[in-house]
Amino acid sequence: QVRLVESGGGSVQAGGSLRLSCVGPGYTGSNNCMGWFRQAPGKEREGVATIYDGDDSTYYVDYVKGRFAISQDNTKKTLYLQMNSLKPEETAVYYCAVRWGGENCRPRPTLFFYWGQGTQVTVSS
């Protein structure tokens, strides 16, 4: 079982920034698809972004493009999400997740096997 631990959440004003981190053992080597997801109260979990550590290719959902940046440190199996220009509607619990392989490395929750416990992000108006 893979253990993932998110950190960096908190409360910010609209337009502010946060940097989330996810630390975990991951898989051996550099063939992991890693992603960030979020779930607001009463809503389904939705994808935010993914990165494949085989080539550092990334994918972002349309509504965060240009504002969020996903990155990773493969030596530490650490995943990051830089979030800028945050909006109140992006208040949610943010989760990191990982699976082996780079095929279809997209932020779809059903594609991922292992999940962290989440970190709360609150954006006030």
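The values are calculated or read from the model by the stated rules, or taken from the named source; none is laboratory data. Here the structure is a predicted model, which is why all the values come from computation and not from measurement. Neighbour counts run over all protein chains shown; Cβ positions are idealised from the backbone, glycine included. Keep in mind that these areas ignore ligands, DNA and RNA; they rest on the heavy atoms of the full protein, side chains included. Shrake-Rupley method; radii C 1.70, N 1.55, O 1.52, S 1.80 Å.
If the segment from residue 63 to residue 5 were pulled out straight at 0.36 nm per residue, it would be longer than the present Cα-Cα gap by 18.4 nm.
Centre-to-centre separation between the Cα atoms of the range 84-99 and those of the range 4-71: 7 Å. Full extension of the chain between residue 45 and residue 106 gives 20.6 nm of extra length, using 0.36 nm per residue less the Cα-Cα distance. When Rg and Dmax are taken over the Cα atoms of the chain, they come to 13.4, 43 Å. In this calculation the C-beta distance from residue 117 to residue 87 is compared with R0 = 25 Å, giving a FRET efficiency of 0.55.
For the range 77-103, backbone nitrogen atoms closer than 19 Å to the point 7 Å from residue 13 Cα along Cα-to-C-beta are found at 83-91. Here residue 124 and residue 78 are evaluated by their C-beta separation; at R0 = 35 Å the FRET efficiency comes out at 0.80.
Surface composition of the range 2-67: carbon and sulfur atoms hold 48% of the protein heavy-atom accessible area at a 1.4 Å probe. Accessible surface area normalised per residue over the range 7-125 is 49 Å², counting heavy atoms of protein chains with a 1.4 Å rolling probe.
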